[in-house]
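Let me begin by presenting the structure, written as structure tokens, before commenting on it.
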Amino acid sequence: MTTSNSLVYLIALPLLGAIILILAGRRADKWGHILGTLMSASSFVVGLYQLSQMLGRSNQARPVTQKLFEWISVGTFKVDAALLLDQLSICFVLLITGVGTLIHIYSISYMSHDHDRRRFFAYLNLFIAAMLLLVLGNSYLNLYVGWEGVGLASYLLIGFWNQKPAYATASKKAFVMNRIGDMGLSFAIMIAFASVGTVSFEGIKEHVHHTSTGALTAIGIMLLVAATGKSAQFPLQAWLGDAMAGPTPVSALIHAATMVTAGVYLITRSSFIFDAAPTAQLLVVIVGAITLLFGALIGTAKDDIKKALAASTMSQIGYMILGAGLGPVGYAFAIMHLLTHGFFKAGMFLGAGSVMHGMNDEVNMRKYGALRKFMPITFATFGLGYLAILGVPPFAGFYSKDMIIETAFNSGGTKGIILGSVTLLGAGITAFYMTRVMILTFTGKSRWDEEVHPHESPLLMWLPMAVLAIGSVSSGFLLSRGDALVNWLAPLFEEHGEHSELLKPIVVSGLALMMVAIGVAIAFLKYSRQEVASVAPEDVSVFTKIARQDLMQDRFNEAVFMRPGQHLTQVLVKTDEAVIDGAVRGVGQMAMGSGALLRGVQSGFVRSYAALILVGAVLLIAAIWVVTN
Amino acid sequence: MDAANYLYLSVLLFTIGAVGVVVRRNAIVVFMCIELMLNAANLAFVTFSRINGDLNGQVVAFFTMVVAACEVVVGLAIIVTIYRSRRSASVDDASLLKR
């Protein structure tokens, strides 16, 4: 396999940026944001260089590695800290650094009034570095380091404005829920070590045929748990909505380029495990299907623009997970949707940030309306992202999402019909809630307060949005032209046999577009024809109420995990106090009690001591006398 | 004369001494009672020496006298010092080590 010495720069540059910005402190306030952006951009340039190198080689020789140092060496178990850049990771590298750099540029302006902007850029760089380590590690253990780094960086960024207790709680919630997923990943690594004896991708892939299906299924399920945590999939999805507490560029970064894509990466990277463990693969599909509907339903009822977009992310990642769970036919489409989603979701989040920027940080869409006239560029870029997520041809989502729907239908049997219907239904609901966001925000009558003066954002903010909008328009076409991405990724995955074709692509596209049209039409009837109340109406159906509360996810977690957990800790605390502390204190009490009894003898009077000695001596002599006679 | 009578005298002297130590409060008197007990022991030693017809008992009696002399020196010094600081020679007053 080809080796390269320049892979490490991909990670080292943003990491160096983060370290400098954190250590330099306030001295770096003036130039910190520029350094951060440059570091991220130069990492992107290194990525482009690697891509050009990779394109120059034959298909099989494309993956490159770089050994950094020997990390663990115990007996026969050896783990090197080594990087692996292949066709899959280069997609992620370019997405992370490319979209990441655009978000850096956007943040220069968006965070310009925040006196902690330097710290913000330090965390952004750390986030990028951790995510790059995640996708570049050549073993699960290396991946795990990046995985934890991403968790840390997201915690720091979601709680960036931690002076507000609610935001600090949100970051803690995200961190704790991610820990559950992290446990899954560590278990997967342990099982892999115990059953296969190695934790590198290459090693496990070689031994996969000698390993029992049971062990592979266990690894697969644990990897799925990890993926659900990081990617906010059912049942560990509850943190994503609260993660909106972070500054908007962070939301864009988390939702488009880093963090939530990690789960999809993990499953795609572990394709050899899932292909050999059908049960785990089926679970992946089920999780994806549930989440894509779950997220879409939450999205229909959210009035907070960022939370509506967050629910949409959950749903779109559900599509990707579902695609990845369909096996070799689906991996490439999952990645394609991930890339196109990276463009349009980042664009829409930055658009939402731009709207908030012009509206005094108002997030309630019921307080928007008619912003099209005031923010034409934001409207245009957001609108292109909107068309892309709907899957309207020829925008990006049309290519990627339709391919997933089509693959789902053609996965065979009843499973195929169910999955296909779910994805179709999801597409319809997506159309509904995204149209709702568009109508509430940009059209209709203005509903904002008088002191708000909406205005277009400065160049540094709309430029990244425009670049991302171009991506939302063209990326799908470019990636699918001549099956470019599918062929690019093909060497990494197993060959797949031809599947029976249940529905022709044109039929699937037609059905999907029909669902989208229905969704858009309903949204128009409901929100464009009627007046929109600027305060959310209370006399709504019970379903709306449930959807507003995120389908009871928090209540469920509270009732099933939090309260019993609290109960358990209380019982344990009481046990600790009564039994363990009781035993310790009891020993002390015994010593003190016997001491108190014996202390009476110590009167301090010499004569009583003398008397005692005398009595003792007499008793001793008497005893000797008795014994000897 | 029966040697046992000397032993009875010795027991009597020892008992008087022991009772004196336990009962009397004045440190000087307590001290004299201790001397009485030591001398009772000496009498017993000498008597046993006589009974057995060897000198072992008498040697030990000399040892006892030496020890008693040392004890008098140290003990009287302590008593005098306590008396100087407390204006009292009562052994019950010097009871600071009590609980």
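Scanning segment A:569-603 for residues that are over 30 Å from B:S95 (Cα atoms) and among the aliphatic types (A, V, I, L, M) yields A:V571, A:L572, A:V573, A:A578, A:V579, A:I580, A:A583, A:V584, A:V587. Of the residues B:M1, B:M32, the single one that is modelled with pLDDT under 90 and more than 17 Å from A:V618 (Cβ to Cβ) is B:M1. For segment A:135-153, state whether one or more residues are surrounded by fewer than 24 Cβ atoms within 10 Å (Cβ to Cβ), part of a helix (DSSP H, G or I) and polar (S, T, N, Q). So far as segment A:135-153 goes, no, none of its residues is surrounded by fewer than 24 Cβ atoms within 10 Å (Cβ to Cβ), part of a helix (DSSP H, G or I) and polar (S, T, N, Q). Taking segment A:316-330 as the range and being surrounded by 24 or more Cβ atoms within 10 Å (Cβ to Cβ) and of a type in the set (G, A, S) as the test, the residues that pass are A:G318, A:G323, A:A324, A:G325, A:G330.
Please determine, by comparing only the residues of segment B:36-50 that are among the aliphatic types (A, V, I, L, M) and under 10 Å from the mean Cα position of the chain (by Cα), which one is nearest to the other protein chains (Cβ to nearest Cβ). Among them, the one singled out is B:M37. Of the listed requirements (1) closer than 19 Å to A:G146 by Cβ; (2) surrounded by 24 or more Cβ atoms within 10 Å (Cβ to Cβ), A:G220 misses just one: (1).
Checking each residue in segment A:514-573 for being assigned to a helix (DSSP H, G or I) and of a type in the set (V, I, T) picks out A:V516, A:I518, A:V520, A:I522, A:V542, A:T544, A:I546, A:V560, A:T569, A:V571, A:V573.
Of everything listed in (1) surrounded by fewer than 14 Cβ atoms within 10 Å (Cβ to Cβ); (2) over 15 Å from A:V606 (Cβ atoms), the single unmet condition for B:R86 is (2).
The sole residue among B:G20, B:G53, B:G75 that is within 14 Å of chain A (Cβ to nearest Cβ) and over 23 Å from A:V618 (Cα atoms) is B:G75.
Residues that are without any contact (Cβ under 8 Å) to a residue 60 or more places away in the chain, surrounded by fewer than 18 Cβ atoms within 10 Å (Cβ to Cβ) and assigned to a helix (DSSP H, G or I) within segment A:156-168 comprise A:P165, A:A168, listed in sequence order. Going by the structure shown, is B:S95 over 18 Å from the mean Cα position of the chain (by Cα), away from chain A (no Cβ under 12 Å) and over 19 Å from B:E35 (Cβ atoms)? No; evaluated as a whole, the condition is false for this residue. If I filter segment B:21-35 for residues that are more than 22 Å from B:D93 (Cβ to Cβ), free of Cβ contacts under 8 Å to residues at least 24 places away in the same chain, surrounded by 14 or more Cβ atoms within 10 Å (Cβ to Cβ) and under 17 Å from the mean Cα position of the chain (by Cα), do I get at least one hit? No, every residue in segment B:21-35 fails to be more than 22 Å from B:D93 (Cβ to Cβ), free of Cβ contacts under 8 Å to residues at least 24 places away in the same chain, surrounded by 14 or more Cβ atoms within 10 Å (Cβ to Cβ) and under 17 Å from the mean Cα position of the chain (by Cα).
Residues in segment A:56-82 that are within 19 Å of A:P491 (Cα to Cα) and within 28 Å of the chain's Cα centre (by Cα) were compared, and the one that is surrounded by the fewest Cβ atoms within 10 Å (Cβ to Cβ) is A:T65. Against the numbered list (1) in a helix (DSSP H, G or I); (2) free of Cβ contacts under 8 Å to residues at least 40 places away in the same chain; (3) away from every other protein chain (no Cβ under 14 Å); (4) more than 25 Å from A:G616 (Cα to Cα), B:Y8 comes up short only at (4). No other residue among A:Q553, A:Q589 is out of contact with any Leu (no Cβ under 9 Å at 6 or more places or on another chain), away from every other protein chain (no Cβ under 14 Å) and in contact (Cβ under 8 Å) with a residue 12 or more places away in the chain apart from A:Q553. For segment A:593-618, which positions are of a type outside the set (V, I, T), within 14 Å of another protein chain (Cβ to nearest Cβ) and surrounded by fewer than 11 Cβ atoms within 10 Å (Cβ to Cβ)? Across segment A:593-618, the qualifying residues are A:G595, A:A596, A:L597, A:L598, A:G600, A:G616.
The values are calculated or read from the model by the stated rules, or taken from the named source; none is laboratory data. This one's a predicted model, so the numbers in the text were calculated from it and none came from an experiment. Note that each Cβ is placed from the backbone with ideal geometry, even for glycine, and that neighbours are counted across all protein chains shown.
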